[in-house]
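What follows is a short report on a single structure.
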């Protein structure tokens with residue numbers, strides 16, 4: 001499989017009056033064609049900002065991508081002039097946002113919001129765009145699309161709006177869809193529907209999917225590979241199976257232990273990660289997770305552990321990764 | 001929609017009733033007597049007898065108890081009879097027909113100037129936030145909000161006459177008969193009148209636009225690859241204008257009130273000047289009639305704005 005998008009050493013910082021917030025600080029990952037990649041982490045770990053940086057939608061000021069490369073289709077998106085990046089947005093890379101209720105314009109009809117990208121990127125006429133819009137709404141499972149086109153966002157439920165967002169994202173046949181917490185704002189019962197819809201459509205059209213979430217369950221079910229982020233850095237990477245079966249970073253382990261599991265007895269207590277995520281303005285020296293880590297050794301305070309392979313295709317940014325890995329394998333056996 | 005408009009029109013009745021009551025009572029509370037003012041003459045030192053005063057009071061009807069006077073006035077208005085001016089002893093209606101269009105033109109012109117200048121000013125200010133363009137626009141806005149309109153009016157008159165040795169044509173030219181002269185006469189008063197509102201609207205537009213800029217849907221629009229111009233004009237502007245429409249309802253009322261001052265400074269023979277003169281004359285019927293006319297125009301304009309608001313904002317459905 002060919003690489004579709006490669007993020008190399010991305011650094012996006014926010015320059016505030018109080019200081020520089022290093023929201024994304026040296027993140028690298030790649031998405032293969034047709035692959036579903038998960039990007040997982042707590043709120044504020046920089047996962048959304050890293051996605052917005054790809055589209056160059058980080059509000060500037062205060063945000064600025066200060067370093068790195070984003071190679072897409074052989075060109076560095078960060079170096080494209082404004083007019084060129086606009087041709088990538090919506091056409092090559094589309095986004096599905098966290099809050100469908102606020103991400104659609106309240107004073108424009110669904111039709112207008114669907115047809116405008118078709119008219120812009122595919123040079124469709126008004127009637128063609130309308131017909132295509134109806135087809136897309138049908139595709140994402142919205143009943144009575146002809147009538148629905150004339151309506152406004154407030155006349156839809158959250159789940160229906162997210163379907164509309166997906167229809168908009170798919171409308172110009174992009175190569176990559178970035179879904180930023182696509183189900184966080186939705187009812188639990190709707191979440192699976194929306195994710196299944198996205199997964200099925202992306203498979204059907206061979207679209208790559210970047211799913212950003214804090215929900216490990218989502219990733220386990222839908223992602224091929226997973227990146228775990230902490231404090232602006234990727235700290236573990238591997239296939240969904242690797243991450244679940246053999247977590248080799250204490251943070252990943254902590255995340256997994258803090259999720260209720262159906263396969264364990266109900267008397268088993270949840271084991272949350274102690275402490276708070278670090279202040280991105282004043283990161284401690286060494287490993288950012290050290291203060292919350294029960295496996296920390298002296299070295300963790302001095303050096304930042306690099307992301308390094310622990311087995312084929314499985315990387316971890318922890319000095320004691322091997323110990324954790326063998327423990328996990330023992331446990332599984 | 002029709003049902004909503006009908007309901008709103010019905011609500012006009014209690015509002016109007018309250019306005020008439022306040023106007024009526026307020027006039028009776030302030031010291032002075034229309035008969036006395038009239039008999040004392042322009043200079044206020046003409047002599048008259050007690051009997052003459054009583055006769056005139058009987059003639060004007062001010063000798064009756066207040067509820068009788070109020071009842072008589074309301075009964076007359078129900079038959080669309082605004083009564084006789086207590087000072088000029090002519091029908092009030094004729095004066096209103098003559099003066100109201102003048103004041104209306106002034107107000108509408110001021111509102112147009114305010115909006116047409118203010119919205120682009122506020123937009124530029126928001127789009128070019130923290131650049132010299134923004135600073136200039138904010139300076140104008142602050143100045144406009146801080147300077148009272150009579151002061152701006154006097155400054156305009158002063159500068160026009162002193163530095164440009166220019167005076168607008170005297171008298172009053174009808175807008176439809178002689179638009180060029182009319183506009184020369186009205187443009188500066190309208191500017192003085194509308195300056196505050198212009199500044200205010202510009203500030204509201206700016207802050208509302210900045211807010212819309214931070215909304216998720218603006219980011220969505222950019223994420224579609226739309227040009228910034230389309231993002232602003234199609235996606236942001238309509239949302240940003242909602243609060244502007246809301247405030248323009250109040251503005252209209254404030255502008256009408258402002259005409260009292262501006263018409264006096266610029267010697268425009270409109271309703272505002274008539275109102276001031278009538279207060280001095282204690283011309284109860286005239287003042288009351290003017291208050292009714294102003295109340296009705298503000299009510300009607302607010303209804304129109306509500307309908308416009310509903311058109312701009314699909315989330316509002318009147319029922």
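The values are calculated or read from the model by the stated rules, or taken from the named source; none is laboratory data. The structure presented is a predicted model; accordingly, all values stated were derived computationally and were not measured. Virtual Cβ from ideal backbone geometry, glycine too; neighbours counted across all protein chains shown.
For every residue, the table says whether it meets (1) more than 9 Å from chain B (Cβ to nearest Cβ); (2) in contact (Cβ under 8 Å) with a residue 12 or more places away in the chain; (3) at positive phi.
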residue: A:76; (1), (2), (3): yes, no, no
residue: A:82; (1), (2), (3): no, no, no
residue: A:97; (1), (2), (3): no, yes, no
residue: A:104; (1), (2), (3): no, yes, no
residue: A:110; (1), (2), (3): yes, yes, no
residue: A:119; (1), (2), (3): yes, no, no
* Asked: If you take just the helices (runs of 4 or more DSSP H) that sit entirely in the range A:169-257, which of them hold at least 3 residues that are modelled with pLDDT of 85 or more?
  -> A:188-205, A:240-245, A:250-257
* Right, residue B:15: within 29 Å of residue B:196 (Cβ to Cβ) and touching a helix residue (DSSP H, G or I) at 6+ places or on another chain (Cβ under 8 Å) or not? -> yes
* Hey, does the range B:229-240 have a residue that's under 25 Å from the mean Cα position of the chain (by Cα) and either surrounded by fewer than 21 Cβ atoms within 10 Å (Cβ to Cβ) or more than 30 Å from residue B:295 (Cβ to Cβ) (or both)? -> yes
* When the range B:113-133 is examined, which residues are found to be free of Cβ contacts under 8 Å to residues at least 60 places away in the same chain, assigned to a helix (DSSP H, G or I) and surrounded by fewer than 19 Cβ atoms within 10 Å (Cβ to Cβ)? -> B:116, B:120, B:132, B:133
* To do: Considering only the range A:1-103, give the helices (runs of 4 or more DSSP H) lying wholly within it that have at least 1 residues that are surrounded by fewer than 20 Cβ atoms within 10 Å (Cβ to Cβ).
  => A:82-88, A:100-103
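Every residue, every condition in (1) farther than 18 Å from residue B:119 by Cα; (2) within 14 Å of chain A (Cβ to nearest Cβ); (3) free of Cβ contacts under 8 Å to residues at least 12 places away in the same chain, yes or no:
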position: B:216; (1), (2), (3): yes, yes, yes
position: B:230; (1), (2), (3): no, yes, yes
position: B:233; (1), (2), (3): no, yes, yes
position: B:237; (1), (2), (3): no, yes, no
* Asked: Does the range B:225-247 contain any residue that is touching a strand residue (DSSP E or B) at 6+ places or on another chain (Cβ under 9 Å) and not in a helix (DSSP H, G or I)?
  -> yes
* Give the residue, chosen from B:219, B:206, that is under 30 Å from residue A:56 (Cβ atoms), in contact with a helix residue (DSSP H, G or I) (Cβ under 7 Å, 6 or more places away or on another chain) and assigned to a helix (DSSP H, G or I). => B:206
* Asked: For residue A:124, which of the numbered conditions (1) assigned to a loop (DSSP other than H, G, I, E, B); (2) more than 7 Å from chain B (Cβ to nearest Cβ); (3) within 17 Å of residue A:165 (Cβ to Cβ) fails to hold?
  -> (3)
* Structure fact -> For residue A:294, the lone unmet condition from (1) surrounded by fewer than 17 Cβ atoms within 10 Å (Cβ to Cβ); (2) assigned to a helix (DSSP H, G or I) is (2)
* To do: State whether one or more residues within the range A:134-153 are at the interface with chain B (Cβ under 9 Å from one of its Cβ atoms) and crowded, with 17+ Cβ neighbours inside 10 Å.
  => yes
* Going through the range A:300-322 one residue at a time, which ones are surrounded by fewer than 13 Cβ atoms within 10 Å (Cβ to Cβ) and either in a helix (DSSP H, G or I) or within 26 Å of the chain's Cα centre (by Cα) (or both)? -> A:306, A:308, A:309, A:312, A:313
* Asked: Quick one: residue A:88 ticks every box in (1) closer than 18 Å to residue A:176 by Cβ; (2) more than 8 Å from chain B (Cβ to nearest Cβ); (3) in contact with a strand residue (DSSP E or B) (Cβ under 9 Å, 6 or more places away or on another chain) bar one, so which box is it?
  -> (2)
* To do: Filter the range B:260-319 down to the residues that are within 14 Å of chain A (Cβ to nearest Cβ) and part of a helix (DSSP H, G or I), then identify the one that is surrounded by the fewest Cβ atoms within 10 Å (Cβ to Cβ).
  => B:311
